[in-house]
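Engineer: If you scroll down you'll find the structure; I have some questions about it.
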Amino acid sequence: MKKRVLSCIQPTGDIHLGNYFGAVKGWTVMQEEFDCVFGVVDYHAMTMPFNPAKLREATWKMTFQLLACGVNPDLLFIQSMVPEHAELSWILGCVAPFGDLTRMTQFKDKSNQVQEADKDAFISSGLFYYPILQAADILIYHADYVPVGKDQEQHLELTRTIAERFNKQFGKEYFPVPQPYFTEVPKVLSPADPTRKMSKSLGEKHYINIFGDEARMRKQIRTAVTDAGDTPEGEMSPGVANLFTMMRAAGAQAPHDRLMADYQKGELKYADLKEEVANALAVMMAPIREKYEEINADKRTWKKRIQDSSAAIRERAKQTLRDVHEMTGLGTVR
Ligand code: TRP
């Protein structure tokens, strides 16, 4: 039996190189080896202030972009098409320790960040409760592994606690206690400030959009910061290292090795490096973009396809809720 893997992504606009190398590309590799389920989590996106039309648009956009990146449509669902996630999160919330929830650093960071910008800013209870919904996403499919980055480790730990408590309280080894699945992922930094992780929240010039304009990508690489001037003697500066990382991640090993040899001889020209990085990214992005255009030209078919895959995945979620109702003494016979 194949091990089950679950991962989800929030519909937050375009996929950038950091998301792609850090998560999405990993999904396309894992789906070949494991029993995978992947979700676009629109309920999660409601935890911060949002606009209904934009939320719906962003959800489909993320879905189509994942498909363009090579995620298998049969494994992909949209969270709100499986409303059992919300139901299970309520039930799990009743076995989750309140104290644990108050110690979630992501909640503290996010709410502080928002209130620093505006002290009267609205903080929803959903933002606080979000890790329970995440636990439901994972446990509803009996996942064995969850590929996680550092920022999600604490949420997964809470999920493990919840699974253990549920099992203990209801007398069975019902939920597998999920394990983090760490993969070697290249750390892609902002081209404009290579001391920070590539991220949308830093602003436009800090991320390279896979689905954006090629000319813009080339310009971002051409103007990428190389020497910040404070790199210790004999060490590669973070900006230059980031360019090499991107080239390797894009699969351009041969030019990478040649330019690395130049660097070691002290003969590297940054303009050459940048040219090769931009070429490597352009080659990598071209088929992904082509696929995205194809999908967009036939949105109706693809929407139907994802509605169908979500409905099929929902059947698995329903079975979990049937079991949970039975185990916890809920009156409804599902
Ligand atoms: N919280 C994750 C993020 O913000 C997204 C997410 C929601 C998730 N549910 C999940 C990730 C379940 C892994 C498993 O990136």
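Engineer: For F122, only one of the following conditions fails: (1) closer than 22 Å to M46 by Cα; (2) assigned to a helix (DSSP H, G or I). What is its number?
Structural biologist: Going through the list (1) closer than 22 Å to M46 by Cα; (2) assigned to a helix (DSSP H, G or I), F122 breaks only (2).
Engineer: Looking at the stretch 237-316, what helices (runs of 4 or more DSSP H) fall wholly within it and have at least 2 residues that are acidic (D, E)? Let's see the steps before the verdict.
Structural biologist: Details: elements: 238-249, 253-264, 270-296.
The qualifying helices (runs of 4 or more DSSP H) are 253-264, 270-296.
One line per residue, one yes/no per condition, for (1) closer than 28 Å to E294 by Cβ; (2) in contact with a Gly (Cβ under 6 Å, 6 or more places away or on another chain); (3) of a type outside the set (V, I, T); (4) modelled with pLDDT of 95 or more:
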{"position": "L55", "(1), (2), (3), (4)": "yes, no, yes, yes"}
{"position": "L92", "(1), (2), (3), (4)": "no, no, yes, yes"}
{"position": "A96", "(1), (2), (3), (4)": "no, no, yes, yes"}
{"position": "Q106", "(1), (2), (3), (4)": "no, no, yes, no"}
{"position": "D118", "(1), (2), (3), (4)": "no, no, yes, no"}
{"position": "A121", "(1), (2), (3), (4)": "no, no, yes, no"}
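Engineer: Among the candidates V82, V114, V95, V146, which residue alone is under 24 Å from L202 (Cβ atoms) and β-branched (V, I, T)?
Structural biologist: Numbers: V82 fails: under 24 Å from L202 (Cβ atoms); V95 fails: under 24 Å from L202 (Cβ atoms); V146 fails: under 24 Å from L202 (Cβ atoms).
Every option except V114 fails the conditions.
Engineer: For the structure I just gave you, tell me whether G93 is more than 24 Å from T63 (Cβ to Cβ) and open to solvent by less than 50 Å² (accessible area, probe 1.4 Å).
Structural biologist: Working: more than 24 Å from T63 (Cβ to Cβ): yes; open to solvent by less than 50 Å² (accessible area, probe 1.4 Å): yes.
The answer is yes for G93.
Engineer: Turning to a different aspect of this structure: Considering only the stretch 13-41, state which residues are over 18 Å from R289 (Cα atoms), open to solvent by 10 Å² or more (accessible area, probe 1.4 Å), not in a helix (DSSP H, G or I) and not aromatic (F, W, Y).
Structural biologist: Matches in the stretch 13-41: D35 only.
Engineer: Of the numbered conditions (1) within 16 Å of the ligand (Cβ to nearest atom); (2) not in a loop (DSSP other than H, G, I, E, B), E116 satisfies every one except a single condition; which is it?
Structural biologist: Answer for E116: the failing condition is (1).
Engineer: Which of the residues spanning the stretch 49-63 are within 20 Å of N19 (Cα to Cα) and not polar (S, T, N, Q)? Give the steps one after another, and end with the answer.
Structural biologist: Filtering the stretch 49-63 down to residues within 20 Å of N19 (Cα to Cα) leaves 55, 57-63.
Selection gives L55, E57, A58, W60, K61, M62.
Engineer: On the basis of being closer than 19 Å to G26 by Cα and surrounded by fewer than 18 Cβ atoms within 10 Å (Cβ to Cβ), does E233 make the cut?
Structural biologist: Numbers: closer than 19 Å to G26 by Cα: no; surrounded by fewer than 18 Cβ atoms within 10 Å (Cβ to Cβ): yes.
So E233 fails the test.
Engineer: Condition check: crowded, with 18+ Cβ neighbours inside 10 Å and hydrophobic (A, V, I, L, M, F, W, C). Does L156 satisfy that? Break it down stepwise before answering.
Structural biologist: On the way: crowded, with 18+ Cβ neighbours inside 10 Å: yes; hydrophobic (A, V, I, L, M, F, W, C): yes.
Criteria met by L156.
Engineer: Is it the case, given these coordinates, that H142 is away from the ligand (no atom under 13 Å from the Cβ), within 25 Å of G22 (Cα to Cα), open to solvent by less than 60 Å² (accessible area, probe 1.4 Å) and in contact (Cβ under 8 Å) with a residue 40 or more places away in the chain? I'd like the intermediate steps shown before the answer.
Structural biologist: Details: away from the ligand (no atom under 13 Å from the Cβ): yes; within 25 Å of G22 (Cα to Cα): yes; open to solvent by less than 60 Å² (accessible area, probe 1.4 Å): yes; in contact (Cβ under 8 Å) with a residue 40 or more places away in the chain: yes.
Criteria met by H142.
Engineer: Go through the stretch 260-312 and count every residue that is more than 19 Å from E214 (Cβ to Cβ) and in contact (Cβ under 8 Å) with a residue 60 or more places away in the chain.
Structural biologist: Final tally of qualifying residues: 10.
Engineer: If you don't mind, there's one more thing I want to ask. Restricting to the stretch 128-139, name every residue that is farther than 24 Å from V114 by Cα and near the ligand (Cβ under 7 Å from one of its atoms).
Structural biologist: Of the stretch 128-139, the ones farther than 24 Å from V114 by Cα are 135-139.
Across the stretch 128-139, the qualifying residues are D137, I138.
Engineer: What number of residues within the stretch 167-205 are under 18 Å from K150 (Cβ atoms), open to solvent by less than 60 Å² (accessible area, probe 1.4 Å) and of a type in the set (V, I, T)?
Structural biologist: So the answer is 1.
Engineer: For the stretch 206-230, which positions are part of a loop (DSSP other than H, G, I, E, B) and either touching a Phe, Trp or Tyr at 6+ places or on another chain (Cβ under 7 Å) or open to solvent by 30 Å² or more (accessible area, probe 1.4 Å) (or both)?
Structural biologist: From the stretch 206-230, those part of a loop (DSSP other than H, G, I, E, B) are 207-208, 210-213, 223-230; that's our starting set.
Answer for the stretch 206-230, where residues must be part of a loop (DSSP other than H, G, I, E, B) and either touching a Phe, Trp or Tyr at 6+ places or on another chain (Cβ under 7 Å) or open to solvent by 30 Å² or more (accessible area, probe 1.4 Å) (or both): Y207, I210, F211, D213, T223, V225, T226, D227, A228, G229, D230.
Engineer: A follow-up question, please. State whether one or more residues within the stretch 196-212 are away from the ligand (no atom under 16 Å from the Cβ) and closer than 22 Å to M260 by Cβ.
Structural biologist: yes
The values are calculated or read from the model by the stated rules, or taken from the named source; none is laboratory data. Just so you know, these numbers come straight off a predicted model, no measurement behind them. Neighbour counts run over all protein chains shown; Cβ positions are idealised from the backbone, glycine included. Please note that ligands, DNA and RNA were not included when accessible areas were found on the heavy atoms of the full protein model with its side chains. Shrake-Rupley method; radii C 1.70, N 1.55, O 1.52, S 1.80 Å.
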